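Trainee: For reference, the structure I am asking about is given below.
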Amino acid sequence: MTDAEHVPGPATTPAAAPDTAQEKAYPAHRDWGWTRIDSPIGPLLLAATREGLVQVSFHADERVTRRALGRLETVFGGPPLPEIPHLATAAAELRRYFSGELRSFAVPLDWSLSGGFNARVLHALDDGVPYGSVVGYQDLADRVGEPGAARAVGAAMGSNPLPLVVPCHRVVASDGGIGGFGGGLETKRLLLALEGVLPAPLF
């Protein structure tokens, strides 16, 4: 899970995301597994159920990995299992993405760690903001029919359990700034440079 976004937005935004009371309950028990891969932005923890990729965590050192696995074990009601489908696919696609060979992920996704307004926003992002493009917080709020919820959209980005694959790094501030990012602003700059939105860093 990423940290909360730091999001510029209008002061008129509601204090809470619409329909947060509608958040989905976590499943009682699900088979799941995990792996960790190296990447140009640091180690990534990937977790999947038999339905699909369920979580991507940045900066997956031992501490972050231990904390994420403990939470997933609680959420899914048991320890990880070997040979869960989709992990190898996700790892291969992410390597191709970082090498510039992949622009659209095909690995199935398990959305069970998101619900309500957050899930609506993340689906809109996943469906409508392709590689090499960006979108504003306000535009995403408009797309889900909640024009007053730009700040809540920022919170939804911060809740994204599937960053990179569901591309919250493509959401930027309306004033032209880079906006916030749970993986860190330097990571966001590197991802946007990889996709050609920003110039590549010199060093």
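The values are calculated or read from the model by the stated rules, or taken from the named source; none is laboratory data. Note that this is a predicted model, so its numbers are computed, not measured. We place every Cβ from the backbone using ideal geometry, glycine too, and count neighbours over all the protein chains shown. The protein model used for the area step is the full one, side chains on, heavy atoms only, and it has no ligands, DNA or RNA in it. Shrake-Rupley method; radii C 1.70, N 1.55, O 1.52, S 1.80 Å.
Trainee: Using mean Cβ contacts within 10 Å as the protection proxy, how do 149-162, 93-106, 116-129 order, highest first?
Mentor: Output ranking for 149-162, 93-106, 116-129: 149-162, 116-129, 93-106.
Trainee: Sticking with this structure for a sec: Highest mean first, how do 63-70, 48-55, 34-41 rank when packing is the count of other Cβ atoms within 10 Å averaged over residues?
Mentor: 48-55, 34-41, 63-70
Trainee: List the residues, sorted by chain then number, that are 5 or more residues from LEU53 or on another chain and whose placed amide H is less than 5 Å from its amide H.
Mentor: LEU109, ASP110
Trainee: Quick one: plug the Kirkwood hydrodynamic radius of the range 149-188 (C-alpha pairs) into Stokes-Einstein at 25 °C, 0.890 mPa s, and report D in µm²/s.
Mentor: 237
Trainee: Skip the ligands, DNA and RNA, and give the accessible area per residue of the range 97-155 with a 1.4 Å probe, whole Å².
Mentor: 39
Trainee: Hey, can you grab everything whose amide H is under 5 Å from the amide H of VAL172? Only 5+ residues off in sequence or another chain; H modelled, so Pro and N-termini drop out.
Mentor: Residues meeting the criterion, in which the H sits 1.01 Å from N, are VAL135, GLY136, TYR137.
Trainee: With a point put 7 Å past each Cα toward its Cβ, work out how far ASP61 is from LEU102 in nm, to one decimal.
Mentor: Calculated label separation equals 2.7 nm.
Trainee: Using R₀ = 30 Å, calculate the FRET efficiency as 1/(1 + (r/R₀)^6) where r is the Cβ-Cβ separation of ARG50 and SER133; round to 0.05.
Mentor: Calculated value: 0.40.
Trainee: Now for a different question. If you plug each phi of the range 89-98 into the Karplus form 6.51 cos²θ - 1.76 cosθ + 1.60 with θ = phi - 60°, what whole-Hz ³J(HN,Hα) values come out, in order, with x for Gly and Pro?
Mentor: 5, 4, 4, 5, 5, 5, 4, 5, 4, 5
Trainee: Moving on to the next point. Tell me, what % of the accessible area of the range 83-191 is carbon and sulfur with a 1.4 angstrom probe?
Mentor: Within the range 83-191, the accessible surface is 50 percent carbon and sulfur.
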